[in-house]
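**Student:** Just dropping this structure here.
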Amino acid sequence: MLRNQPQLITYVDRLATDLVGLDGVLRSEFADAFGGVHLLPFFTPIDGADAGFDPSDHTEVDARLGDWADVAHIGADFAIVADLIVNHVSSDSPQFRDWQEHGSESAYDGMFLTLDSVFRDGASDDDLARLYRPCPTSPFTTYEIAGAERQVWTTFTSKQVDINVETHAGWGYLISVLDRLAEGGVDLVRLDAVGYAIKKPGTSSFMIPETFEFIERITDACRERSMGVLVEIHSHYRQQIEIASRVDRVYDFALPPLVLHGLLVGDARPLRRWLAIAPQNCVTVLDTHDGIGIVDVAPEGEIAGLLEPSELDQLVEAIHAATDGRSREATGAAASNLDLYQINSTFYEAVGSDEEAHFLARLIQVLCPGIPQVYYAGLLAAPNQMELLSQTGVGRDINRPYFERADLADALGRDVVKDMLGLLRWRSSLHELFDGEFELLDCESHELALRWSSPKQVLDARLDLAARSFELNLDGAILTTPADF
C-alpha cells in the first residue's frame, strides 16, 4: 500500500547483495524509516550496458538477486516501486535476436524502431539536428537484420534498442511486462525514459504532444492492473506541471538544484517560488542513480527557467568547487555519460561533505509536499566513487557505490547517518500530517518558512539556508538540532 512515507531508492546488489539481504536491512538497520522501496532494475541482467536499465528479460528477476517470491516478501510490508523501461530493451533480448535472424518473418517484426520506420523518405541533417539528445553519440546503430544492414534507433547506448511502442508488437511487449509487475505485487510503476518513447519526423521526438497521449495510454493500462504511475522526465518545469495533472505522481527534479542553490549561495527565493507552483502529487528527491539535473531549472529558449543562466553557471561551479573538482571529472564530456544535462556527484559531496548542510537539505526535502524518496548513497553519506569511476569510465558510477556488510556497518556508525535515519523515522511517523494542508509563510530571502496542518496536528518550520540552521514547532515541541528527531 502506497502511503506518504519516505521510500528508499536502491540497487539491490549494491546495498545488500540480494533481495533477502535487502529485506533484512529494511526490517533491522532501517526499521521504521521507510514505508516503501524503489527497487532499481532487478531484472535479467543487472549488469548490462546501463546498470539494469537494459534488460534482456524484463519479466524475470536476475537469479543472483533472488526471485519474485523474494520481491513479494518485501512487498508484504513495504510499498514496491519498480521500473517499466518504456523506451528500449537490450540488444541481447530474445525478441531482438529473433528479429535479427528472421527479419520480417519474426514474430517481433515491428517491435523495434529503425531510421526508415520513422523517416520513410530518409532523414536530412535538419531532421537529425532537431532530435533532442541526452548524449553526444548518434541515435542510430547499424545492425545486420536478416542479412541486411539496418539503421536501428538506439537513443542511449548501442546496446539499448528502442521499442516501437505504437505497433502491436511493441505495445504487446510493454503489456506483458506490466502484467508481470502486477503479478509480482508492484504498487507504483516508474515510467523510465518515457519522454523519448514517441518519434515523429519534423519534431524533437521528445515530450511532443503524441508523447503525452502515449503516457495517458500507458497510465490507463497500469491503473487497470491496480498500479499507480510515476513519470520520470527531465525537462523544463512547465512540462512537469502539465504531466502532473495527467498521472498519479511526477518527480520533483527541480528540488535538488534549487536546494543546492539555496545552500551553496544562501538564497532561498528560487526554491520558494518553485514550491508556490510545484505539483503536490510528486515524489521528491535530492539524489538518484542518475546525476543532479540542471535542465529541470534551466530556461528553454526564450522561456525563463527557475534559475537564470548566470545562476546556473554559479551553481555548477559551486558544486564542482564543493567536490574539489571530482564532479567535473565525471560530468559531461569528461566521462562516458548518457546525460549531458546532469552533474554527476554524490549529494553529500555536492554540499561540500558538510554534515549540517547535508542534514538541512534532507530536512527541506521531507518538509516539501510529496512522497520523499531517499537514495541509498545519500542516506549513507557516501563520498564520490573515484576508483569505480576510474574502473568503468562511466560518469554516473561516481554516485553508485557498492556496500559490503562491513561498509554498511561503518556507515551506520556515523553521526550523519544516524541523524538521517532519525529524521526519516520522524517523517514516517507523521504521514497523516503531511497529507494535510501545506502553506508557505513570509520570511527573509535566505529563509524557507512553511506550515503543515491537519485536524490533529500543526507544524511550523523556519529554515535558514545561509546560517544552515532550523527551528520546527510541532504542537509546541521545538526541534532545533538533529538529535531532536
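**Student:** Alpha carbon centre of region 436-485 versus region 270-326: separation in Å?
**Tutor:** 23 Å
**Student:** Continuing with this model, one more query. For region 467-475, take each phi angle, set θ = phi - 60°, evaluate the Karplus expression 6.51 cos²θ - 1.76 cosθ + 1.60, and give the result in whole Hz per residue in order, putting x for glycine and proline.
**Tutor:** Whole-Hz 3J(HN,Hα) from phi for region 467-475: 7, 6, 9, 7, 9, 10, 10, 10, 6.
**Student:** Could you give the size of the charge dipole of the chain about its Cα centre, using +1 on the Cβ of each K and R and -1 on the Cβ of each D and E, expressed in debye and rounded to the nearest 20?
**Tutor:** Details: 37 positive and 78 negative charges, 114 e Å.
Once rounded to the nearest 20, the dipole reads 540 debye.
**Student:** Okay, moving on. Lys and Arg at +1, Asp and Glu at -1: add these up for the other residues within a Cβ distance under 9 Å of Leu191 and post the number.
**Tutor:** Around Leu191, the charge tally is -2.
**Student:** For Leu39, list long-range residues whose amide hydrogen, built 1.01 Å from N in the peptide plane, is under 5 Å from its own amide hydrogen.
**Tutor:** Val81
**Student:** Now for a different question. In terms of modelled amide H atoms, which long-range or inter-chain residues lie less than 5 Å from the amide H of Leu441?
**Tutor:** Amide H to amide H, under 5 Å and 5 or more residues apart or across chains, Leu441 pairs with Ala449, Leu450, Arg451.
**Student:** If you don't mind, another one. Taking 0.36 nm per residue of sequence separation and subtracting the Cα-Cα distance, how much length would be gained by fully extending the chain between Ala483 and Leu388, in nm to one decimal?
**Tutor:** Result: 30.8 nm gained on full extension.
**Student:** Taking Cα atoms, how many degrees apart are the long axis of helix 255-265 and the longest axis of the chain, rounded to 10 and kept between 0 and 90?
**Tutor:** 50 degrees
**Student:** Could you give me the ³J(HN,Hα) list for region 180-195, computed from phi with Karplus coefficients 6.51, -1.76, 1.60 and θ = phi - 60°, whole Hz, x at Gly and Pro?
**Tutor:** Computed from phi, the couplings for region 180-195 are 6, 5, 5, 4, x, x, 6, 9, 9, 9, 8, 7, 7, 6, 5, x Hz.
**Student:** A follow-up question, please. In Å, what Rg and Dmax follow from the Cα atoms of region 279-396?
**Tutor:** 14.4, 41
**Student:** A further question on this structure: Long-range amide H contacts for Val250: which residues qualify at under 5 Å (H placed 1.01 Å from N, peptide plane, sequence gap of 5 or more or a different chain)?
**Tutor:** Here Val231, Cys282, Val283 satisfy the definition.
**Student:** I'd like the Kirkwood hydrodynamic radius of region 388-485, using the inverse of the mean 1/r over distinct C-alpha pairs, in Å. Show your work: numbers first, answer last.
**Tutor:** Values: mean 1/r = 0.0613 Å⁻¹.
Computed over Cα pairs of region 388-485, the Kirkwood hydrodynamic radius comes out at 16.3 Å.
**Student:** Could I ask something else about it? Give me Asp220, Asp187, Asp442, Asp460 sorted ascending by neighbouring Cβ count inside 10 Å, so fewest comes first. Spell out each step's value before the answer.
**Tutor:** Values: Asp220 11, Asp187 19, Asp442 7, Asp460 16.
Fewest to most other Cβ atoms nearby, the residues stand as Asp442, Asp220, Asp460, Asp187.
**Student:** Give me Leu131, Leu260, Leu367 ranked fewest to most by other Cβ atoms within 10 Å of their Cβ, as a rough exposure proxy.
**Tutor:** Fewest to most other Cβ atoms nearby, the residues stand as Leu131, Leu367, Leu260.
**Student:** Right, next: With +1 on each Lys and Arg Cβ and -1 on each Asp and Glu Cβ, and nothing else charged, work out how big the dipole of region 410-485 is about its Cα centre, in Debye to the nearest 20.
**Tutor:** Magnitude of the dipole: close to 300 debye.
**Student:** As a test of the definition: which semi-axes, in Å, follow for region 1-149 when you take the square root of five times each eigenvalue of its alpha carbon gyration tensor? Largest first, please.
**Tutor:** Numbers: eigenvalues 290, 67, 30 Å².
Working from the Cα gyration tensor, I get semi-axes of 38, 18, 12 Å.
**Student:** How would Thr480, Thr392, Thr157 line up from fewest to most surrounding beta-carbon atoms within 10 angstrom?
**Tutor:** The most exposed by this proxy come first: Thr480, Thr392, Thr157.
**Student:** Which of these values of log10 I(q)/I(0) by the Debye sum over Cα atoms at q = 0.10, 0.12, 0.14 Å⁻¹ was calculated from the structure shown: (1) -0.74, -1.08, -1.50; (2) -0.84, -1.10, -1.31; (3) -0.79, -0.97, -1.19?
**Tutor:** Comparing each candidate, only (1) matches the computed number.
**Student:** Test of understanding: what is the full-extension gain from Asp435 to Glu60, defined as 0.36 nm times their sequence separation minus their Cα-Cα distance?
**Tutor:** Length gained between Asp435 and Glu60: 131.5 nm.
**Student:** Checking the a/c ratio against 1.5 first, then a/b against b/c, what shape does the Cα gyration tensor give for region 143-265?
**Tutor:** Values: a/c = 1.95, a/b = 1.30, b/c = 1.50.
Taking the square roots of the gyration eigenvalues as a ≥ b ≥ c, region 143-265 is oblate.
**Student:** Compute the Kirkwood hydrodynamic radius of region 94-162, taking the inverse of the mean of 1/r over all pairs of distinct Cα atoms, and give it in Å to one decimal.
**Tutor:** One decimal place: 12.6 Å for the Kirkwood radius.
**Student:** Residues with beta-carbon under 15 Å from that of Asp324, excluding Asp324: net charge, scoring Lys, Arg +1 and Asp, Glu -1? Working shown, then result.
**Tutor:** Details: positive: Arg326, Arg328; negative: Glu317, Glu329, Glu349, Asp354.
That works out to -2.
**Student:** Then there is this: Taking θ = phi - 60°, what integer Hz values does the Karplus form 6.51 cos²θ - 1.76 cosθ + 1.60 yield along region 166-177, in sequence order, with x for Gly and Pro?
**Tutor:** 8, 9, 4, 5, x, 5, x, 4, 4, 5, 5, 5
A short reminder: the numbers here are calculations on the coordinates, not readings from a lab. Source: prediction; values computed, not measured. When we count neighbours, we look across all protein chains shown, and the Cβ atoms used for this are built from the backbone with ideal geometry, even at glycine.
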